[in-house]
Structure formats: structure tokens, C-alpha cells
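First the structure, in the form of C-alpha cells, and then the observations on it.
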Amino acid sequence: MRHNEGPAFRLTNAEDAYAAEGFVDRRRRMLVITVVTALVVALGGLGAAQFVKSPGEHAAEADAPPHSLITAEVESRRLVDTVVLRGRVTAAQSVDVTAQGAGKSLEDSGGSAVVTAVRVKTGDALAAGQVLVEISGRPVFVLPGAVPAYRDLKPGAEGKDVAQLQQALSAVGLNTGADPSGSYGVGTRDAVAALYQRIGYSAPQAQGSDDGKTETPPDPAKSGAMVPASEVVFLGAFPGRVDSVNAQVGKPAAEKVLGISSGALVIRGALAPHEKGLVRPDMQVKVLSEVTGLEAAAKVTSVADTPSDPNAANGDGGETKSGSGARTYEMVATPTQPLNAKLAGQDVRLTVEAAASAGPVLVVPLSAVSAGADGRTVVTVVEPNGAKRRVEVRPGTTGDGYVQVTPVANARLGAGERVMIGVAGGPAGAAATAGADK
């Protein structure tokens, strides 16, 4: 019986061993699963920690970022205070050439004054005796003289305007003979006829009377070549300049057909009341035309004592108002060298040096200077390592947002150092804290 039990016992032991081995494998698998699960949980918790924050952490992150200093460099240079204004380049004399009375014979017959020729263009230089424009077939020419033409000049006329005509004729090479100065006689009449012939037109003829009506018989002393006021323009100096041309051939003659000028170009500007006290004669002026890019240097010649505006005279003793309603004071500047003719009539920017230091000085922005509780005027120097030190200074000339500073006693301040002018990104009051003595 025991012989038969042996194999059965061994089989049972083998099964038990197999079962034990399976149990071990299951435990290993369980252990692996447990470890993996623990790792997943740990990693998940770590990731969640990036998103889940305590109230304290949220409060800390809501705080403003640390403030940073705004600094500016200490400079060594000449300090200039400027006044900037607008101005216009004009001449000593400006004349509007109008069509009033031009082409009178045509108008008398029921026609209208029409531009039949334009002989000049804007920017042209003008010579004495030159024809400017032709209206209804009649010329308008220019002669030297300071008194505007206000009446027709014809044989028999006398006066200062006649003397001016005689001098103008002589200036263009035409002799008035034995006529006394200021008396329109035969010599003046012949010179006028020669002038018209030179410019290519027939001279208008006086009818032998003072009122222009024909006398029977006509008075020979009052007859002959004449100069209608509508055909001559007098300029005080030559060469003159053409500032503007409004006439077009074939079009009706406008009230103003040309703008001409003479004399040296000057610049006229308008100072606001608060600027008047800053500008004085002999101050340096920089002139800039934004249209052409041309620059020039000038000096202040005069500043008006009473308000004035050349565009809007109101007849109350010279006081006028600008278009904006503000009173202004005329400033005249004379160029140190003759201006380019292209600048005539242009609107320009004027920069007046109202004040300047004698030479190079230490300058800082105005915002860098402060008054301490102890009454000292100081700037705060920021060292390269971020350290700050207060330097007592004595302020001087100011200009264009900068101020001259001189270190007091043994205080140290030099060009190239940086001074604090503000604080960025900090809470209120940070500037005062940042500027405290270190």
C-alpha cells in the first residue's frame, strides 16, 4: 500500500509547488501595480500643486512688482533757453499789384478787364522798367520810387510824385530834358513816350485838359504821352522780387494779380504776451523753412512795445488781435547773411536763444532736482551697483527742461554720472523711499 502511495504523494507535492509558485507571481504583479499606482499619484499631486495655490501665495502674486529707478545722465554743455515761434519772411516793402483801373478803355466800352499776358513768375527778380503783366492789352510795369501811384501823371502836372517819375525815368536812362523837378513838361513827356516805345507799347495820350476831357482847341502843354496810375507800380529798391502770381491768361483780372516786394528780406514773428519779456534785441535766431529745408541765422532787431497783428488791425492805436483772439507783439529779425530768395513770403519756424550759459556747465533735467526736508537742494546719484547718494547742489540757469547745477562745498558730481528722475512700477511713495540717503 505504501508502494502505491509514493507516486500519489509526489504528485501532490508537485501540485503544491506549482500552486506556491503561482502565488508568488501574483504577489509580484500586485507589488508592481502598487508601485506604479503610487508613482502616478505622486506625479499627479506634483502637477496639481502647480495649479492649486494657497491664499497666501495668491496674495503674494497680486502685489505690484518691485519698483525700478528712472535715471538721466549728467551732461556738461552750454545751456540754452529758447523761445520758439512762427514767422514770415517779408521784405521792407511789399506791394499788391491790382487790376483796378487796368484796361480802362475796354471797360469804358462795356468790356471787362482780362489778363492777356503774364510776364513774370513767382521768385523772379525784377528790374526797373520791367513789364509785370498785361491786362486788356495794356502793360503794368515797375519803376523805382517810394510813393505809390495815386493819380494819372500827364503833361502840366506838378508835385512830388512827378519828381519821383522824373527820377525813375533818369534811373532807366531816359533824360527829362530841361523840365524843372516836379514839373511835367516837354522833356518828361518825351521821356515817357520813349519808355513806352522801349517796352513795346504805345503811350496813352492826354487830351489837353486837367479833367481828361478834350478841350477845343486842346492845350499843347497838357497834351501828349502820360502815365496812368493803373499802369505803373513804384518800388523803393531794386532788384525787386515776385512773391506771388494770381493772374492767368484769358481769365478776368482778379483784384490782386501779383504780389511783389523790394528791399532786404527780414523775418517778422508774433510773440505771445508771456514771451515778450524773454526776447530782446541782438538775441540769436535760428530760421528754418520746413517746406524747403533751408536754414539761416538772424538777430532780433526789434520787439514791439504795444500789441500788434499785421493781419488784423483794429484801429485802436495800433493794438490788434490775432486770429485766435490773443494779443501778440511783433518781433523783427534781420538775417546775418542775405536770405535765399526762395524764402520770400514763406512761413518759417523761429528759435530765439533767450538765455544761455557763458560756457559748458553741468546740467540735469529739472525733474532730477528736489528740495529736502532740511531745505537743501539735492540730486540723487545712482551708482552702477545701484547704490544711491544725495548730492547737494546750487541750481543756476534753466532752459528747455534742464537746469545748471553746481556741487556745493566738497560734494562730488561729474559728467557721465546718472541721477534719479523718477520711479517706474512702484507703489505710491516709492520715489521718496527710493531717493532716501544711503
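The values are calculated or read from the model by the stated rules, or taken from the named source; none is laboratory data. All figures in this text were calculated on a predicted structure; none of them were measured in a lab. All Cβ positions, glycine included, derive from the backbone under ideal geometry; neighbour counts span all protein chains shown. What goes into the accessible areas is simple: the full protein's heavy atoms, side chains included, and nothing from ligands, DNA or RNA. Shrake-Rupley method; radii C 1.70, N 1.55, O 1.52, S 1.80 Å.
Residues in the range 326-365 that are among the β-branched types (Val, Ile, Thr) and surrounded by 20 or more Cβ atoms within 10 Å (Cβ to Cβ): 5 in all.
Every listed requirement among (1) among the acidic types (Asp, Glu); (2) within 30 Å of VAL162 (Cα to Cα); (3) open to solvent by less than 50 Å² (accessible area, probe 1.4 Å) is met by GLU275 save one, (2). Looking at the range 368-377, is at least one residue in contact with a strand residue (DSSP E or B) (Cβ under 9 Å, 6 or more places away or on another chain), under 30 Å from VAL285 (Cβ atoms) and either open to solvent by 50 Å² or more (accessible area, probe 1.4 Å) or of a type in the set (Val, Ile, Thr) (or both)? Yes: one or more hits. Within the range 319-342, the set of residues being at pLDDT 80 or above and either of a type in the set (Phe, Trp, Tyr) or outside any loop (DSSP other than H, G, I, E, B) (or both) comprises TYR329, GLU330, MET331, VAL332, ALA333, THR334, PRO335. Please enumerate the residues belonging to the range 130-154 that are in contact with a Gly (Cβ under 6 Å, 6 or more places away or on another chain) and either open to solvent by 10 Å² or more (accessible area, probe 1.4 Å) or modelled with pLDDT under 95 (or both). Of everything in the range 130-154, those that are in contact with a Gly (Cβ under 6 Å, 6 or more places away or on another chain) and either open to solvent by 10 Å² or more (accessible area, probe 1.4 Å) or modelled with pLDDT under 95 (or both) turn out to be SER136, ARG138, ALA146. Residue under question is ALA117, and the condition is that it be in a loop (DSSP other than H, G, I, E, B) and of a type in the set (A, V, I, L, M); does it hold? For ALA117, the condition - in a loop (DSSP other than H, G, I, E, B) and of a type in the set (A, V, I, L, M) - is not met.
Residue count for the range 343-369, restricted to those that are farther than 16 Å from GLY396 by Cβ and either modelled with pLDDT of 85 or more or aliphatic (A, V, I, L, M) (or both): 11. Considering each residue of the range 126-143 in turn, none proves to be in a loop (DSSP other than H, G, I, E, B) and among the β-branched types (Val, Ile, Thr). When you check GLN167 against the structure, is it part of a helix (DSSP H, G or I), within 28 Å of SER262 (Cα to Cα), in contact with a Ser or Thr (Cβ under 9 Å, 6 or more places away or on another chain) and open to solvent by 10 Å² or more (accessible area, probe 1.4 Å), yes or no? So GLN167 fits the description; yes. Among the residues of the range 227-263, those identified as under 17 Å from THR122 (Cβ atoms), among the small types (Gly, Ala, Ser) and assigned to a strand (DSSP E or B) are GLY240, SER244, GLY259, SER261, SER262. When you check VAL378 against the structure, is it closer than 24 Å to SER68 by Cα and either β-branched (Val, Ile, Thr) or free of Cβ contacts under 8 Å to residues at least 40 places away in the same chain (or both), yes or no? Judged against the criteria, VAL378 is a match. Looking across the range 193-243 at every residue that is hydroxyl-bearing (Ser, Thr, Tyr) and open to solvent by less than 60 Å² (accessible area, probe 1.4 Å), the one that is modelled with the lowest pLDDT is identified as SER209.
This table checks each residue for (1) more than 30 Å from GLU275 (Cα to Cα); (2) at pLDDT 95 or above; (3) in a loop (DSSP other than H, G, I, E, B).
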{"site": "ASN385", "(1), (2), (3)": "yes, no, yes"}
{"site": "ARG390", "(1), (2), (3)": "yes, no, no"}
{"site": "ARG394", "(1), (2), (3)": "no, no, no"}
{"site": "THR397", "(1), (2), (3)": "no, no, no"}
{"site": "VAL403", "(1), (2), (3)": "no, no, no"}
{"site": "ARG412", "(1), (2), (3)": "yes, no, yes"}
